[in-house]
């Protein structure tokens, strides 16, 4: 069940007053506007950190873990873009970015990220329905691609995506969100896959 605008506003208000059972978002969105617009989502803004992939002499990026740590700096580069400046994403290029907002999702909820349709019509695609697990806290990493025909400027602070919340069914379990607490976008470490890596 997706939370309605009224329920979302109530939960964000609770979180803003320090209730751990509420949805905490910093900076806090305009709660009255959420109620007034009646949308079942919260708009999120683009942060100031970006990660691009480096040109590399490596023949590939491994997608399963093989006993050695992934050197993120070898394949990617961080960029800081101040407010008032912009980041240009060219056609066919991909970038990681962070949400401006820091978010805490209580364990009774999960959430998913959806791109803004007005940006999608211009060629900016954000990973569809990226899951945000119960108990997550931190800034969201956004996976952004330009599938259009012309370069597009992205501005820190602009509305970039929307976050939908839904209620979990069943008994609540202890959350173990591995990427919680992050403030900058990152590629992250791949996990072991015992089925893929098993040998006969």
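For region 10-59, how many residues meet the condition of being touching a strand residue (DSSP E or B) at 6+ places or on another chain (Cβ under 8 Å), closer than 30 Å to residue 85 by Cα, assigned to a loop (DSSP other than H, G, I, E, B) and modelled with pLDDT of 90 or more?
3
Go through region 60-94 and give me each residue that's surrounded by 11 or more Cβ atoms within 10 Å (Cβ to Cβ), in contact with a helix residue (DSSP H, G or I) (Cβ under 9 Å, 6 or more places away or on another chain) and modelled with pLDDT under 70.
65 - this is the single residue of region 60-94 that is surrounded by 11 or more Cβ atoms within 10 Å (Cβ to Cβ), in contact with a helix residue (DSSP H, G or I) (Cβ under 9 Å, 6 or more places away or on another chain) and modelled with pLDDT under 70.
So which residues in region 150-200 are in a loop (DSSP other than H, G, I, E, B), modelled with pLDDT of 95 or more and more than 18 Å from the chain's Cα centre (by Cα)?
150, 151
Can you tell me which residue among 134, 106 is within 24 Å of residue 30 (Cβ to Cβ) and part of a loop (DSSP other than H, G, I, E, B)?
106
The values are calculated or read from the model by the stated rules, or taken from the named source; none is laboratory data. On a predicted model such as this, the values are computed, not experimentally measured, just so you know. Note: ideal-geometry Cβ built from the backbone for every residue, glycine included; neighbour counts use all protein chains shown.
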